[in-house]
Every structure is written in C-alpha cells, then in structure tokens.
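Comments concern the structure below.
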Amino acid sequence: MDGRLIQELEVLGGEIRPASLKKCDEIIIDQPGFRAVIALWGGHLESFIPTGQEDLLFQSNNEGGEGRFGRRHFGVPVCWPWFGANETQSDFPAHGLARYFRWEFIEAGRFKNGDVKIVIRLASEDHPLIEEMWPFAFELRQVFRFSSKGFRVNFSAANLSDKPMPISEALHTYFHVSDNQTAEVHGLDGVTYVNKFDEGRQAEQSGMVSPCDTLDRVYLSAPEQCEIHDPGLQRKLVIVTEGSQSTVLWNPGKKLAEQRTDMEDDDYRHFVCVEAANALNNTYDIPAGGIHQLKMKVKHKPLSEE
C-alpha cells in the first residue's frame, strides 16, 4: 500500500489491520469522539462507535460462507448494481456485486470543518470476474465522513460504458438496537410500501413501525428522513438520505433467523435494517458516461432531545 496513504491515515489516528476479513485489510480510525472501522472487503463501513456509547451499527458473530459470495450481516453493505435477486441470472449472488469484492483505499484526510475523510474505490476493470458477470464498465466510490455526531456515506457510481446501465441499489444498513421488540421507526407514516413477506401486496404505513420484527418492506417514494427510537439505549438515530426514492426495512424475525446458516439465532433481536434504496418501482438507468450519487447521513441524539 502507498506509504503516503499510511502516513495520512496515521495523522488521523488511524491504522491498517491486515488481512482480517475475507483476507482483506480493514481501516481503523480512533479519534477522541469516535472509533470507526471500514472493511475493504465489500467496502463495508463495519463499525461506528461514538465515545461512551454502544456501536451505531450491528455486526453478527456468524462468519457466513467461506466462498466469495458468502454473506455476512454487519455494518453498511453496498447492494449494487442490483438489489435482491438478479432478475435474469438465478445463480448470481443476491444484492449485486459490490459487497463481494475488495475495494481500494485511495484517500485519507479532513474536510474543512475538521471531519475525518476516507475514500475507497471499486473499478470493474480491476476484477475480471466482475467483467464476466456484468456487461457495463463502471467505477464506484465511497466517501466516508466521520465526526463525534455521526457519520455520512456518499456512494457514487460512474457508468464508463457507452450504453445506459440499469440499476437497483441500497445502502443495506444494519442499525444496532437494544431490542427490536421495543425499537421504533418514525417518519414513514402515510407512505405506501410493498410487503415482500405478504406476497408483494401493497399497504399504507399507519404511524410508527414497531416492533421491528419480521419486516421485508420497500417503502416507495419515501421521505428523505426517518428516525430509529431506541428506549433501551435511550437514543435516537436520525437518518437522512439523498438520491434514493425507496426506504427498505428488513428484519427476518425469529423463524427465518433460525433457518439461516449465515446468522445467529438471536441476531434478529439486535438490529433493524433501514436502507437508503432505489428498488422495485424506483429503479433507474445511469446514462452512458453518467454518474449517480446515493447519500446517507446518520446522527445520534439522546432520545429525550427534540
């Protein structure tokens, strides 16, 4: 790895932990106000711990499958260039390609206000298997922005091919909660959603979502902001998105969690996925030579704070 990058990372209180996940390095940032971990395998923001608090993100202890397309449930996986199952190739991995390949660490520094900045990159030309599976050249970037108040993810996708590139996508964020039975998701009242646990039927959300259990819902034309209220941890997570038209809520519930081999039986009790997405009716094309950005900002606040 570039010695200059290592030096820039060290100035931020950071280090590289070699070959710790799927034989890929992790970037660790320790600051007075937070600790963050980025896994270069899949470009996952793995962990974000504000000083004196529990992690904002969930990590399963289950290692998942050993193969390239064996999934793990943690942090902020990038689902791209398709969300869910591939519509034409049943043997392709769920949720796209971006989460299954090694990303490249390309920049470390600070924004003008002092927030920490980390940039990673994934280019199709660097991975022959991607080129075999996806007929469009592309370059992806994630810009992570960290402060004691929370984190931001700015995901951008550049279509380097000469044809429009069809996309469905999500930042499939596993938010850590003390108990999914008491956690609440606010901000989706009145929004129409597709219930994938009810044969794809549509319904309208009434009030908050609680308990956050046995959910697989795609909220269409969703608002840019929603919140997770966690009475057990006495905090709320404010989630603001840009560039997404859908919000996905996912939690497998007890029965499905126990059937999965890539998840511990009680994992479902400690997370709810609230995902910035473009899925189902909200899929789109990136024009030839075009760029699309998907952004997510997460702040933590005391539950008592308005």
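The values are calculated or read from the model by the stated rules, or taken from the named source; none is laboratory data. All figures in this text were calculated on a predicted structure; none of them were measured in a lab. Neighbour counts run over all protein chains shown; Cβ positions are idealised from the backbone, glycine included.
The table that follows gives values for the structure above.
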{"read-out": "Residue match in the range 292-306 (condition: of a type outside the set (Phe, Trp, Tyr), surrounded by fewer than 19 Cβ atoms within 10 Å (Cβ to Cβ) and within 18 Å of Ala85 (Cα to Cα))", "value": "no"}
{"read-out": "Any pair with Cβ under 7 angstrom, 6 or more apart, that starts in the range 252-266 at a residue that is over 10 Å from His73 (Cβ atoms) and assigned to a loop (DSSP other than H, G, I, E, B) and ends at one that is at pLDDT 90 or above and among the aliphatic types (A, V, I, L, M)", "value": "Asp265/Ala257"}
{"read-out": "Residue selected from the range 55-80 under the condition buried (at least 16 other Cβ atoms within 10 Å of the Cβ) and among the charged types (D, E, K, R), by the criterion farthest from Arg152 (Cα to Cα)", "value": "Arg71"}
{"read-out": "Hits in the range 197-220 (condition: part of a strand (DSSP E or B) and crowded, with 17+ Cβ neighbours inside 10 Å)", "value": "Val209, Leu215, Asp216, Arg217, Val218, Tyr219"}
{"read-out": "Scan of the range 1-55 for residues that are of a type in the set (S, T, N, Q) and either under 23 Å from Val272 (Cα atoms) or not in a strand (DSSP E or B) (or both), ordered by number", "value": "Gln7, Ser47, Thr51, Gln53"}
{"read-out": "Filtered residue count, the range 56-88, keeping only those that are assigned to a loop (DSSP other than H, G, I, E, B), in contact (Cβ under 8 Å) with a residue 12 or more places away in the chain and not basic (Lys, Arg)", "value": "16"}
{"read-out": "Selected residue [more than 27 Å from Ser304 (Cα to Cα) and within 15 Å of the chain's Cα centre (by Cα)] from Leu171, Leu160, Leu220", "value": "Leu171"}
{"read-out": "Complete set of residues in the range 221-232 that are part of a loop (DSSP other than H, G, I, E, B), surrounded by fewer than 18 Cβ atoms within 10 Å (Cβ to Cβ) and touching a residue at least 24 places away in the same chain (Cβ under 8 Å)", "value": "Ser221, Pro223, Pro231, Gly232"}
{"read-out": "Condition check for Leu140: under 24 Å from Asn251 (Cβ atoms) and either among the small types (Gly, Ala, Ser) or surrounded by 18 or more Cβ atoms within 10 Å (Cβ to Cβ) (or both)", "value": "no"}
{"read-out": "Tally, over the range 267-306, of residues that are touching a residue at least 24 places away in the same chain (Cβ under 8 Å) and in a loop (DSSP other than H, G, I, E, B)", "value": "9"}
{"read-out": "Enumerated strands (runs of 3 or more DSSP E) restricted to the range 113-173, each holding at least 2 residues that are without any contact (Cβ under 8 Å) to a residue 40 or more places away in the chain", "value": "116-123, 138-147"}
